[in-house]
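Scroll down for the structure; my scribbles are underneath it.
The values are calculated or read from the model by the stated rules, or taken from the named source; none is laboratory data. Just so we're clear, the structure is a prediction, and the values are computed from it rather than from any experiment. When we count neighbours, we look across all protein chains shown, and the Cβ atoms used for this are built from the backbone with ideal geometry, even at glycine.
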Amino acid sequence: MNQLVKYIVLIFLSTGQCVNATNIYVSPSGNDKNVGSVSAPKATLSAALRQARELRRLNAVGTENGIQIVMKGGTYTQYESVFIRPEDSGTAQSPTIICGAANENVVLSGGVKIADWKKSGKYWVADVPDFNGRPLDFRQLWVNGRKAVRARDVVDFEKMYRIRSNAAANEILWVPAAAVKSILKAPYVEMVLHEMWCVANLRIKSIEVYGDLAAVRFHNPESRLQFEHPWPRPMIGKGVNSPFYLTNAIELLDQPGEWYHDIKTNKLYYYPLAGENPNRVEIIAPAVETLVQVEGTSDRPVENVIFKNISFNYSTWMRPSEKGHVPLQAGMYLTEAYKVSPKIIRTDNNHKLDNQGWLGRPAAAVTVTGANNIDFENCRFEHLGYSGLDYISGARGGKVEGCTFRDIVGNGLVVGSFSPASLETHLPYDPADKREVCNGQQIKNNLFTDVTNEDWGCVAICAGYVSNINIEHNEISEVSYTGINLGWGWNQTVNCMRNNRVHANNIHHYAKHMYDVAGIYTLGSQPKTVISENYIHDIYKPGYVHDPTWWFYLYTDEGSSFITLKDNRTDGDKFLKNANGPGNTWENNGAMVNDSIKMRAGIEKEYRYLLR
């Protein structure tokens, strides 16, 4: 296919047109009692899906060519998730397409506008409206699409205070008294603690000052988890004590661009930037956690649904405000974890295990479970409270292409299991019903930037127990930790992972806040997996990481087995092979790799105009 033809095809795709499909129209100014025509559109995607479902059930004329839900430009504010069920399925020949109208900006939003601001000294103050019959709480705020800063004690993270000691037996962190002197009476203040390759969100329960030290205690369940879990741990040692910052107190609201929400009075305080009038900008707080849920079962999956030209914006993430957040890795939070003695002998692994842990999975703006061939083309995932898109389990096929992932709290795109909640996370996951395993996803020509911007231990593309997936020609930049995670389990036992491919990605400006890091990182046994022709360069060098030498371009971690890494272009030969299993092949990786690899990596030329 020559370049001109490629451009014509991509322009055709970007308009979301489906020849001879049955069209149902939706508009922000529509009415769900309307028939869904151009002149009488529906108002919501949910109503359009119901109409499409009934047309298919009745075998209406024209549905054999597919059903296209055409959304007119504008913002569709949601009060709950849009639920896509097996009955909404199409077929390969007649898919269900949900698309934005050509050249129009279509936004599915979980946000609430905050208006009617009044000046009060250096702050502006607004009443936070109830949402869907209840008071609204939130952890993010956006001003004209720019994420404002939740009031905190530092502007420059290089100036974070550091803990003095970790009294695990008493569940106390000892910190400098100077760090907490201004927030001794603050009711809902939080500590964000830097721990090797993760940060923990800890709700402060009490502070007691003893001279130049202060004893800080935390609420449960995070206090129990924080002081029992051995990995990642707070660092104590000369020059490496773990740094932290404090947030969510009006006493910390001292910089332009910061905000504080008083949940007792339901008032929002904002310290505007120079020349900024809050009544003349759009200020949005997130209210809905998951905007779209595609959910079927292995026996009755959702199939052949395509999203085109849709923006998913303003989702929330409230778990840390309710239960704290103590992750093990890549944002997967611990529900129980502790050290064991004597260590567990694992016959298929090359070292003993010193801990046990069980995990939960954070929320995402769009989730896919029990579904085949769910595609996202030229979509935007922006201003989101945790992950952007998550193929959770039981997903076969599915293409994510030409999409933008930007300004996201946690992971950009997640795919596959990261140990079911009941499975100890160091045990191999190999379900008898292989339909549970995410298989065959195509993740191509997407832009990931400014993701992981609050939960620093997250990654741009986070693939766990997966098989036959292809991650190629993506660009990843401005991430706090690793670019691409592939695999899970910390053991070398053969499991459900195999035949994965990570090819020709451009990964740069990573490790903005965390080390023990790589552009591409692997775990576990993955027969016939190939990592090739990626370009990894320009790593950040923050001064507060736990070990300034512990960064890498490629990193095969515990149990990584039967993986081929070849022809990857990096700025040097800084690679790590930690507790690997058998069968790995390293061939021609480093700065000597031909410049042609560097030039071909990243988003392919014909897709770049889609990603702005």
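So here's what we get for this one:
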read-out: Those residues of the range 168-184 which are touching a residue at least 40 places away in the same chain (Cβ under 8 Å), assigned to a helix (DSSP H, G or I) and surrounded by 18 or more Cβ atoms within 10 Å (Cβ to Cβ), in sequence order; value: 179, 180, 183
read-out: Count of residues meeting criterion [among the aliphatic types (A, V, I, L, M), more than 25 Å from residue 297 (Cβ to Cβ) and not in a loop (DSSP other than H, G, I, E, B)] in the range 396-433; value: 1
read-out: Test: residue in the range 359-369 that is surrounded by 22 or more Cβ atoms within 10 Å (Cβ to Cβ), at positive phi and in contact (Cβ under 8 Å) with a residue 12 or more places away in the chain; value: no
read-out: Number of the exception - residue 86 against (1) closer than 25 Å to residue 398 by Cα; (2) surrounded by 20 or more Cβ atoms within 10 Å (Cβ to Cβ); (3) touching a Lys or Arg at 6+ places or on another chain (Cβ under 8 Å); value: (2)
read-out: Lone qualifier among 521, 540, 515, 544 - being over 26 Å from residue 466 (Cβ atoms) and touching an Asp or Glu at 6+ places or on another chain (Cβ under 7 Å); value: 544
read-out: Contacts under 7 angstrom Cβ, first residue in the range 110-139 being without any contact (Cβ under 8 Å) to a residue 60 or more places away in the chain, partner part of a strand (DSSP E or B), 6 or more apart; value: 118/124; 118/125; 129/112
read-out: Enumerated strands (runs of 3 or more DSSP E) restricted to the range 109-158, each holding at least 1 residues that are surrounded by 12 or more Cβ atoms within 10 Å (Cβ to Cβ) and not charged (D, E, K, R); value: 111-113, 123-127
read-out: Output for the range 33-42, where each listed residue is touching a strand residue (DSSP E or B) at 6+ places or on another chain (Cβ under 7 Å) and in a loop (DSSP other than H, G, I, E, B); value: 34, 36, 37, 38, 41
read-out: Among residues of the range 49-72, those that are touching a strand residue (DSSP E or B) at 6+ places or on another chain (Cβ under 6 Å) and touching a residue at least 40 places away in the same chain (Cβ under 8 Å), counted; value: 8
read-out: Residue in the range 243-262 that is over 26 Å from the mean Cα position of the chain (by Cα) and in a strand (DSSP E or B) present; value: yes
read-out: Qualifying residue in the range 475-488 (condition: under 21 Å from the mean Cα position of the chain (by Cα), buried (at least 22 other Cβ atoms within 10 Å of the Cβ), among the charged types (D, E, K, R) and part of a loop (DSSP other than H, G, I, E, B)); value: no
read-out: Total residues in the range 440-466, condition assigned to a strand (DSSP E or B) and crowded, with 23+ Cβ neighbours inside 10 Å; value: 8
read-out: Residue in the range 559-568 that is more than 20 Å from residue 492 (Cα to Cα), modelled with pLDDT of 95 or more, crowded, with 19+ Cβ neighbours inside 10 Å and within 24 Å of the chain's Cα centre (by Cα) present; value: no
read-out: Wholly enclosed strands (runs of 3 or more DSSP E) of the range 506-612 bearing at least 2 residues among the β-branched types (Val, Ile, Thr), without any contact (Cβ under 8 Å) to a residue 60 or more places away in the chain and in contact with a Leu (Cβ under 6 Å, 6 or more places away or on another chain); value: 517-522
